[in-house]
């Protein structure tokens, strides 16, 4: 599942395309927004979400990966808290 771009927030800076380690994005659409062209290559690494200066990116985590994603987030919180 490709990253989701909130076009109301996106400034079209291209940071998401530059930072993506898998090259999921390919060019821009007619309105100047990045186009996630290689959806199946997305690793859901969160790099585009974290580095977007406008906070216009979000991820849709595939159902089979949801359990792992949640557990990893909870483990990180547990480590921070003690």
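Points worth noting:
- Simple spin-label estimate for residue 59 and residue 31 gives 2.4 nm between the two label positions (7 Å along the Cα-to-Cβ direction from each Cα).
- Cα-based Rg and Dmax for the range 1-64, where Dmax is the largest Cα-Cα distance (Å): 10.6, 34
- Within the range 44-61, backbone nitrogen closer than 18 Å to the virtual label 7 Å beyond the Cα of residue 13 toward Cβ: 46-59
Here, each number is a calculation from the coordinates, and none is a lab measurement. Please read these numbers as outputs of a predicted model, since none were measured by experiment. For neighbour counting, all protein chains shown are included, and Cβ atoms are generated from backbone atoms with ideal geometry for every residue, glycine included.
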